[in-house]
Each structure stands twice: as structure tokens, then as C-alpha cells.
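Engineer: Sharing a structure, written as C-alpha cells. Questions coming.
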Amino acid sequence: MIPGALPTLVLLCLAGVSFPSAALAMPQGSSLFEAPRRLRAGDTYLGAGRMYPSPVFQDVNGDPQLDIVVGDLVGRLTWAPQALQDGRLIIFAKERALKGRSGEGLKFHNW
Amino acid sequence: MSPQFVDFNADGHVDILTATFDGSPHISFGSKEGFGKPEHILDSKGERILISSFWNYKDHQHQETGRALGVETPPKERCISALAFDWDADGDYDLLLGGYEKGHLYRQMNEGTNAEPRFTGKNIAVMAGDAPFGIEAKMTSPRLVDWDGDGDMDIIAGSFGDVWGQGPGGGVFLYRNTGTRGKPVFAAAETLIPVSLKGKALPTRPDAGLYVDAADYDGDGDLDLVVGGYSMWTPEGPELSSAQQDRAKQLAAKKGALQKESLELSRAINREILAVTKGMERGSKELRLKAAEIRATHSKKTRNLSKSIRAVSQELESLVPAPKRKSFVWLYERKQVRPGNDSRN
């Protein structure tokens, strides 16, 4: 939740809460993952065309579901709220700038 | 620039910690009104935290210093990632600093508190197995996550690989924490996502510049990965007749010549700008206006060259598709496990 209380995931991590290892079990020698798929945000691909998109999971709007925040090389942050979860399919709404208290999009200095 | 959301100053509000290619960690402090303007994190002497290479905003140039590594001749290592992590479990956040060039990881200890940090200004190399933590293909950013569910923080990290050419791309690696609370020990790397060998006709994965994070995306009790990066692929072209092959060769040669001409023109314009603006303050309005004026005098030729390159490229593309490169964000969903399978995670 931003701003405000610590989001669930961060609290869990800080508290050292772990995910159940039995559920993580995988046969050796095979890929741990399903074939990768591109995430969409609104009617476009998430992070498409950004310079070195760096996604992180974070509950931004305090709903409290995992949204996605995407940083990039030039120091800007956008986020895409989780709009719908239908079983294992999660739909993200359109990306928008992550704004600071000034109302402008946050910008971390690069050179 | 991979952000970490963390209550860095322990005021009950989430802050955003990251590092950029200026070589230092930055923080945007959160409050009930929202995030503040990002600023550099400083050490106990009030100096910028870094590894060795950094962008000097005052001198407008990249520089190196050995002060954080305790060496006179520093290697070129730019801190482009930073994480808050209570390394010694003393109740305050220390910093992990990730280097770009060799993918080294350093820790810088906090001898103060979260509310009043005193970072030492001295970096200590983090080990992975018996060797210093390193990713030869350049590290994007590490993330802290309890990957194996043993209650401590492991590290996952991505690599850049060859981000422009057809050489091997990036991957994602796991470094298990086999230490104890307050004494982390990271094992040698295990591969989570293999280095991309590219060569596909469609975007099938992030191939280079892999920035990773992990979470239980779908709520099924295991950790999935979300990975940003460049997909690099070359679409299959049509089968060419002999005449088309000849035409493709002609077009490729013409394109090369035009690009060379364009590059030479660009260099000549830059030389002219440098000569005419000599003595003007860098970044000043006067300099910008003069540079724009000079560029305008060459704009017709620049435009015509660009137009010619586009036309030739378009025709060539219809015969021999060029390699493509575009960034996306991908989900690597953890496979469901059948009972009775090996329990290694």
C-alpha cells in the first residue's frame, strides 16, 4: 500500500516468512517454469519499448493485490494495477506513471 | 534501475530504493502524502555511496575513485543496483551494491540505525561459493527472496549478455543462502533461466538485459518470476529467387554506404558544434540554441539521408528481414508439481 502501511509481501519478506518448500518441488534436469509469456497491461504489452524494463511485484494501491512496477534505464517508474484475477490468469490495467507527492512522475537521476 | 520497496528509515512508510547508471544508490522517501524527490544515499562522511565508477554531476563526466574499495587504482565498476538488507541482523539495513561490469556484489555496513544511518563508505566483497560474487556477462540487478523456503534470504540475479549483437544473451541465476541469521553465506550460482542463445524467428523470451523479480504471482503457493528484458529475434524471410538475392546484395551495400555517409555527417556536425560553442557553459541555453542553429543548417541533408535509408531498408526488409529487438516483460510461471517427484527446489 502506497503511501501508508507496509505491503503484505514486504512484511512477509522482512519477517522471514517463507513459501512452502514442498510446493516448490521440481524434477531435476527439467525447466522449473512453464514457457514464458508476455504480460499485458491494458491493450498493450507491459513494459513494451521501455529501455531495460525492470519489473517488480508490489501492492501499490493497497487493495491488497500484487501490482507491477516497472523501472527503466532513464530512471522512470510506471505501475500497472492488477485489474482482474481469473484463476491463474491475471490481467493488469494500463500502465501509468508512479507519481510522487508533487504530483509528477518519479524520476531517479541518471547521468 | 530495479526498485526495491522498503521502509528504509523505519518511519512506517514504504520508500523506494534503487541505483542508476550514475553509479550510486538513490532513495525516494515515502510519507502519508506520497513519495518525495529521489536523492542520493550518503555515507557517514556525507559522501555519495558507490563502488568505483560514477557520473560526476559537477564535472559532467564519468570518473573513478578507489575510496570505497580501499585501492589507489580502482577497477571500473559502476554500482547500478542497490538493496537494503540487514546483513548482520543487528536491526538496521545495510546496503548491497551491485556492479555492472563484472557483476560483483558488495556490502556496505550501517553502523547507525535505520532512522539515523551511518554507512561506513567502505565496501566488502560478497562471496558466492569460493569466489567473489560475479556475473561476467554483466549483472542487471540482484533481488532478495526466500527461494528455497528455509527462512532466509537467497539472491536471484539477472545478466545482460550481448544486448545488441547475436552473441549469447542473458539469464537468471540463484545464489542460495546457506548461512545463518546474521551470517549469510551464498552458494555458487545455479541457473534458473538459461542464457539465451537467441536465433528464434519470433519473440519467445527475454533474450538480453534480464531484470528479474519473484513472487507468488498466481497464488498457487510457489514463487514465479517476472522478467523484463529485450527479446531479440530474426523473422523468417521469403525464399528468394536468384534475381532477388542479387537485389538484396545491392540493397545491403547501398544501405551500408548511406549509413556510413549519415554517420560521417553526424560527426561533422558535432565537430562544428564543438568548435563554435567552445568556451560556452555546458548545458547552458546559449549552447543549446547555437547547437540547434547549426543542426538546422544541415537539416535538409540529414532528412534526405534518413529518408533514403528508410526506403532502402524497407525494400531490403521485404527480402531479408533484419534482426529485431524490443523490450517486454515476461512471466515465468512455476510448473505445478506432481506428488512423488524429487523435492529439490
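Engineer: Quick one: B:Gly151 ticks every box in (1) within 12 Å of another protein chain (Cβ to nearest Cβ); (2) at negative phi except a single one, so which number is it?
Structural biologist: (2)
Engineer: Given the options B:Gly182, B:Gly167, B:Gly161, name the one that is buried (at least 22 other Cβ atoms within 10 Å of the Cβ) and modelled with pLDDT of 95 or more.
Structural biologist: Within the list B:Gly182, B:Gly167, B:Gly161, the selection yields B:Gly161.
Engineer: Looking only at the range B:24-41, count every residue that is surrounded by 16 or more Cβ atoms within 10 Å (Cβ to Cβ) and either touching a Cys at 6+ places or on another chain (Cβ under 8 Å) or not polar (S, T, N, Q) (or both) and tell me the total.
Structural biologist: 12
Engineer: Could you pull out every one of the strands (runs of 3 or more DSSP E) wholly within the range A:12-98 that has 3 or more residues that are at pLDDT 90 or above and more than 7 Å from every other protein chain (Cβ to nearest Cβ)?
Structural biologist: The qualifying strands (runs of 3 or more DSSP E) are A:77-80.
Engineer: Out of contact with any Leu (no Cβ under 8 Å at 6 or more places or on another chain), surrounded by fewer than 24 Cβ atoms within 10 Å (Cβ to Cβ), away from chain A (no Cβ under 14 Å) and basic (Lys, Arg) - does that describe any residue in the range B:231-247?
Structural biologist: No: zero hits.
Engineer: I'd like the full set of residues that are without any contact (Cβ under 8 Å) to a residue 40 or more places away in the chain and either crowded, with 23+ Cβ neighbours inside 10 Å or of a type outside the set (S, T, N, Q) (or both), limited to the range B:62-91.
Structural biologist: B:His62, B:Glu64, B:Gly66, B:Val71, B:Glu72, B:Pro74, B:Pro75, B:Lys76, B:Glu77, B:Asp86, B:Gly91
Engineer: Against the definition (in contact with a Phe, Trp or Tyr (Cβ under 8 Å, 6 or more places away or on another chain), touching a residue at least 24 places away in the same chain (Cβ under 8 Å) and exposed (fewer than 14 other Cβ atoms within 10 Å of the Cβ)), how does B:Leu202 come out, yes or no?
Structural biologist: Spelling it out, B:Leu202 is indeed in contact with a Phe, Trp or Tyr (Cβ under 8 Å, 6 or more places away or on another chain), touching a residue at least 24 places away in the same chain (Cβ under 8 Å) and exposed (fewer than 14 other Cβ atoms within 10 Å of the Cβ).
Engineer: Regarding B:Gly256, is this residue in contact with a helix residue (DSSP H, G or I) (Cβ under 8 Å, 6 or more places away or on another chain) and free of Cβ contacts under 8 Å to residues at least 12 places away in the same chain?
Structural biologist: Considered against the rule, which asks whether it is in contact with a helix residue (DSSP H, G or I) (Cβ under 8 Å, 6 or more places away or on another chain) and free of Cβ contacts under 8 Å to residues at least 12 places away in the same chain, B:Gly256 comes out as no.
Yes/no per residue for (1) modelled with pLDDT under 95; (2) farther than 30 Å from A:Val69 by Cα; (3) out of contact with any Asp or Glu (no Cβ under 6 Å at 6 or more places or on another chain); (4) not in a loop (DSSP other than H, G, I, E, B):
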site: B:Ala214; (1), (2), (3), (4): no, no, yes, yes
site: B:Gly256; (1), (2), (3), (4): no, yes, yes, yes
site: B:Val312; (1), (2), (3), (4): no, yes, yes, yes
site: B:Ala322; (1), (2), (3), (4): yes, yes, yes, no
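Engineer: Consider the range B:175-190. How many of its residues are in contact with a strand residue (DSSP E or B) (Cβ under 9 Å, 6 or more places away or on another chain), outside any loop (DSSP other than H, G, I, E, B) and of a type in the set (S, T, N, Q)?
Structural biologist: Number of matching residues: 1.
This table checks each residue for (1) in a loop (DSSP other than H, G, I, E, B); (2) more than 11 Å from every other protein chain (Cβ to nearest Cβ).
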residue	(1), (2)
B:Gly158	no, no
B:Gly167	yes, yes
B:Phe173	no, yes
B:Leu197	yes, yes
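The values are calculated or read from the model by the stated rules, or taken from the named source; none is laboratory data. Here the structure is a predicted model, which is why all the values come from computation and not from measurement. As a convention, Cβ positions derive from the backbone with ideal geometry for all residues, glycine included, and neighbour counts pool all protein chains shown.
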